[in-house]
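See below for the structure under consideration.
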Amino acid sequence: MKLDLLLYKFKRVLFFLREKGFKWTWNYIHLYTFYGTKNTFIIKLIHWLQFYPPYLEVEITTMCNLKCIMCEHTYWKEPDRDMSFEQFKKIVDQFPKLKWIGLTGIGESFLNKDFMKMLRYVKSKNIFVELYDNFYFLDSKAAEEFIEMGVDQLFISLDAATKETYEKIRVGSNFERVTNNVRNFIQLKKEKKKYFPEVDFHYIINRLNINEIPQYIELVHSLAGGERTVVRFTRMLHKFKEVSDLFVEVPEEMIQAAEKRAKELGVILTWNRDVPQAKPPISHCTVWLMPFIFVTGHVIPCCSGNEAGNRDFQKATALGNIYEQSFKDIWNGEKYKTLRRMIRENKVPAVCRDCCAFDVKNKT
């Protein structure tokens with residue numbers, strides 16, 4: 001089995017070399033070697049080297065047309081705003097060796113008029129671009145540009161197998177519109193004979209949809225129409241006051257049933273790091289290599305504290321504000337140094353209090 005996996009990875013790297021070239025392929029290898037690694041030697045190496053972040057997430061808007069019942073945006077009081085292209089460019093240019101970027105924050109990217117311009121800018125630098133999108137606005141025109149631009153990875157945020165459940169969860173959306181946009185996107189890729197973007201499906205598990213997981217795998221198999229299909233399941237990241245009744249852990253028998261059905265249909269399943277109930281110690285964390293920058297400019301070490309219904313706390317404990325000082329100064333500042341030291345010593349910095357991926361209980 002291990003030999004089969006190694007052979008698959010080797011063939012995948014060769015394919016990427018042919019399709020994308022050496023620089024892009026190196027960016028891909030770098031991400032999957034260092035970010036979120038479980039290898040204790042590499043973890044120690046990263047803590048020792050503390051190299052300047054090669055990965056970045058930028059929240060380009062907090063505008064949203066939906067009122068998803070599990071999302072903190074539905075309940076917060078923060079005014080909606082966009083990041084301008086000039087602000088975005090100034091941030092990206094501070095990471096000259098950037099290998100990967102995510103442009104999904106707590107908002108709908110298509111509502112920022114500069115979204116496509118931002119995408120074109122980072123793609124011009126041969127940076128690996130990952131997006132999450134609910135496919136409400138991703139119509140045939142946008143699909144054409146995504147494919148021609150060569151966006152690298154696109155997660156379809158679709159959290160139910162039925163119209164009734166989906167529209168209860170993603171209030172304001174439309175199940176038929178979204179699934180039609182998905183089918184059309186995948187069909188357009190086929191017609192153009194393009195491999196990229198790699199299209200994966202993302203499902204946030206809550207009380208309303210947990211029993212639809214096996215049926216969802218069948219839906220995804222149908223929507224993909226024989227294309228490579230990956231589903232990433234994520235448990236709701238946090239249980240804050242307004243959503244506490246929706247929060248559920250994922251029982252082991254459900255995981256096994258899902259994996260059995262996926263294997264039968266040839267669907268690849270992945271489980272986000274928040275799904276296992278036993279969490280690794282925070283000293284194993286390397287995700288601070290991927291800082292998350294709010295639309296307001298606040299810099300936090302990663303995205304794991306998002307969706308905790310605690311936005312004001314996140315801004316109050318931020319490591320700095322990139323609109324007020326350079327990222328280099330923030331990275332070399334006392335707050336960031338203290339954070340890296342505390343994580344190395346298996347202590348939990350205040351900003352990491354709501355982390356959903358590592359064991360932070362009774363250590364803050």
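Scanning region 235-258 for residues that are within 22 Å of the chain's Cα centre (by Cα) and surrounded by fewer than 19 Cβ atoms within 10 Å (Cβ to Cβ), which turns out farthest from Val171 (Cα to Cα)? First the steps, then the outcome.
The first filter runs over region 235-258 and keeps only residues within 22 Å of the chain's Cα centre (by Cα), leaving 235-240, 243, 246-250, 255, 258.
Filter again for surrounded by fewer than 19 Cβ atoms within 10 Å (Cβ to Cβ), leaving 239-240, 246-249, 255.
Values: Lys239: 19, Phe240: 19, Leu246: 15, Phe247: 18, Val248: 20, Glu249: 23, Ile255: 27 Å.
It comes out as Ile255.
Since Phe175 meets every condition but one in (1) in contact (Cβ under 8 Å) with a residue 40 or more places away in the chain; (2) in contact with a Lys or Arg (Cβ under 6 Å, 6 or more places away or on another chain); (3) not basic (Lys, Arg), which condition does it not meet?
(1)
Can you tell me how many residues in region 31-57 are part of a loop (DSSP other than H, G, I, E, B) and at pLDDT below 95?
Just the residues of region 31-57 that are part of a loop (DSSP other than H, G, I, E, B), to begin with: 35-39, 50-54.
Those left that are additionally at pLDDT below 95: 35-39, 50-51.
Residues in region 31-57 being part of a loop (DSSP other than H, G, I, E, B) and at pLDDT below 95: 7 in total.
For Lys189, state whether it is of a type in the set (D, E, K, R), under 21 Å from Lys123 (Cβ atoms) and open to solvent by less than 60 Å² (accessible area, probe 1.4 Å).
Details: of a type in the set (D, E, K, R): yes; under 21 Å from Lys123 (Cβ atoms): yes; open to solvent by less than 60 Å² (accessible area, probe 1.4 Å): yes.
In short, yes.
Report whether or not Glu164 is charged (D, E, K, R) and open to solvent by 30 Å² or more (accessible area, probe 1.4 Å). I'd like the intermediate steps shown before the answer.
Numbers: charged (D, E, K, R): yes; open to solvent by 30 Å² or more (accessible area, probe 1.4 Å): yes.
In short, yes.
Quick one: would you say Lys279 is of a type outside the set (Asp, Glu), open to solvent by 10 Å² or more (accessible area, probe 1.4 Å), under 24 Å from Glu72 (Cα atoms) and in contact (Cβ under 8 Å) with a residue 60 or more places away in the chain?
Values: of a type outside the set (Asp, Glu): yes; open to solvent by 10 Å² or more (accessible area, probe 1.4 Å): yes; under 24 Å from Glu72 (Cα atoms): yes; in contact (Cβ under 8 Å) with a residue 60 or more places away in the chain: yes.
Taking the combined requirement at face value, the residue satisfies it.
Which members of region 259-274 meet the condition of being assigned to a loop (DSSP other than H, G, I, E, B), touching a helix residue (DSSP H, G or I) at 6+ places or on another chain (Cβ under 8 Å) and crowded, with 17+ Cβ neighbours inside 10 Å?
Taking region 259-274 and keeping what is assigned to a loop (DSSP other than H, G, I, E, B), we get 266-267, 272-274.
With touching a helix residue (DSSP H, G or I) at 6+ places or on another chain (Cβ under 8 Å) added as a condition, the list becomes 266-267.
Of everything in region 259-274, just one residue is assigned to a loop (DSSP other than H, G, I, E, B), touching a helix residue (DSSP H, G or I) at 6+ places or on another chain (Cβ under 8 Å) and crowded, with 17+ Cβ neighbours inside 10 Å, namely Val267.
Residue pairs, Cβ under 8 Å, 6 or more apart or interchain, first in region 58-78 and outside any helix (DSSP H, G or I), second among the β-branched types (Val, Ile, Thr) and open to solvent by 50 Å² or more (accessible area, probe 1.4 Å). List them.
Sorted first by the residue in region 58-78, then by its partner, the pairs are Leu66/Val171; Lys67/Val171; Cys68/Val171; Ile69/Val171.
How do the pairs read when you match residues in region 130-158 that are open to solvent by 10 Å² or more (accessible area, probe 1.4 Å) with residues anywhere that are charged (D, E, K, R) and in a loop (DSSP other than H, G, I, E, B), using Cβ under 8 Å and keeping only pairs 6 or more apart or on different chains?
Final answer for the pair search is Glu130/Asp152; Asn134/Glu108; Tyr136/Glu108; Phe137/Glu108.
The values are calculated or read from the model by the stated rules, or taken from the named source; none is laboratory data. As the structure is a computational prediction, the values presented were derived from the model and not from experiment. Note that each Cβ is placed from the backbone with ideal geometry, even for glycine, and that neighbours are counted across all protein chains shown. We work out accessible area using only protein heavy atoms, side chains counted, and drop any ligands, DNA or RNA first. Shrake-Rupley method; radii C 1.70, N 1.55, O 1.52, S 1.80 Å.
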